[in-house]
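One structure is given below, represented as structure tokens, and several questions about it will come after.
Read-outs throughout are calculated quantities, based only on the coordinates presented, and are distinct from any laboratory measurement. Just so we're clear, the structure is a prediction, and the values are computed from it rather than from any experiment. Cβ: placed from backbone, ideal geometry, glycine included. Neighbour counts: every protein chain shown.
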Amino acid sequence: MRQQGTERKTGPYKRLSEECANLFSDERHIKDRVDMGEKKKTAWNRNREGHRRRLREKFIRSGLQGFLDYEVIELLLTLGTPRKDCKNQAKEALMRFKTLRGVLEADSRELQAINGLGPQNVFGIKLIHHVSRRFLRDKMMDRPVCHSSQEVFDYLYHSIRDSMKEMFKVLFLDAKNNVIEEKTIFAGTVDSSAVYPREIIRLALKNNASSLIFVHNHPSGDPDPSESDKDITKELVFAANIMQLKVLDHIIIGNNCYFSFADKGYIDEYEHLYLDMRKESHIHF
């Protein structure tokens, strides 16, 4: 009888002891899994930081030589969020905007539409974009641009390509063909009723300019000149000649391309036409 009582008494305690042991085992198992997760997370963070450090060191050693476009974008994205992995977002941005240039020129809101990108990420891209624009402007202001329609395009393309309106700009140059001033004359539909030669000539004299370069954009992306563009250019060449100013070029900017009136021979044609008309009418200035 005494033995049976002992068995009845020890039975529940034994089961409770086993359950407690199992519970402690589960806790140790959970703790081990948490520790393992933390170790993996730490290793992943270390690898991510190592990847960014390798990109930075690679750039310091040899600039962008050997960089893939998405790596350049990734490096720019990390300027705003140095602790965040941006490789996937960089690849998606390149896929969406096609080229590195397309990413740099993309609207901030379009960039932030990419999952995982916010204002801080976009900071690096827009910073570099605007710094490069200022660099190109300063570079152009310090160098002759008489025969450099490409250089004028490289600078002004960034500032007016994405405009939904036509913008008409004038570059005023000195006798050595250095840029004195750049001015937006008009924004809207560029035609002969909107562009006033008299106002442009007045600004040229005010800036002591010796020559002029005209630039406007076609929001459609097609830079081929319309008949109105040709008429405006001819009127401006005539007006400039009357005041003994020289028109060096009129550049129309399209989608990653441009049309140069000087390169295509139109400026010389209008110059000769003016001289012929002057001879015929016996007008002396």
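At 0.36 nm per residue, minus the direct Cα-Cα distance, what do SER132 and THR184 gain on full extension? Give it in nm, one decimal, please.
Numbers: separation 52, 0.36 × 52 = 18.72 nm, distance 2.02 nm.
The SER132-THR184 span can extend by a further 16.7 nm.
Using the Kirkwood radius built from alpha carbon pairs, what does the Stokes-Einstein equation give as D for segment 146-281 at 25 °C and 0.890 mPa s, in µm² per second?
So the translational diffusion coefficient is about 165 µm²/s.
Within 13 Å, Cβ to Cβ, of GLY63, how many net charges do the neighbouring residues add up to if Lys/Arg are +1 and Asp/Glu are -1? Let's see the in-between values first.
Values: positive: ARG56, LYS58, ARG61; negative: GLU57, GLU71.
Spelling it out: positives minus negatives among the neighbours equals +1.
For ILE114, ILE252, which order do you get if you count the other beta carbons within 10 Å of each Cβ and list the fewest first? Don't skip to the answer; put the middle values down first.
On the way: ILE114 20, ILE252 24.
In increasing order of surrounding Cβ atoms, one gets ILE114, ILE252.
Roughly how many Å is it from the Cα centre of segment 259-280 to that of segment 58-76, as a whole number?
Computed from Cα coordinates, the inter-centre distance equals 47 Å.
First select every other residue whose beta carbon is under 15 angstrom from the beta carbon of ALA262; then total the charges, Lys and Arg +1, Asp and Glu -1.
Values: positive: LYS230, LYS234, LYS246, LYS264; negative: GLU151, ASP229, ASP249, ASP263, ASP268, GLU269, GLU271.
That works out to -3.
If we count every other residue with Cβ under 15 angstrom of ASN207's Cβ, Lys/Arg +1 and Asp/Glu -1, where does the sum land? Intermediate values should be presented prior to the final figure.
On the way: positive: LYS169, LYS176, LYS183, ARG202, LYS206, LYS246; negative: ASP174, GLU181, GLU182, GLU199.
Net charge in that neighbourhood comes out at +2.
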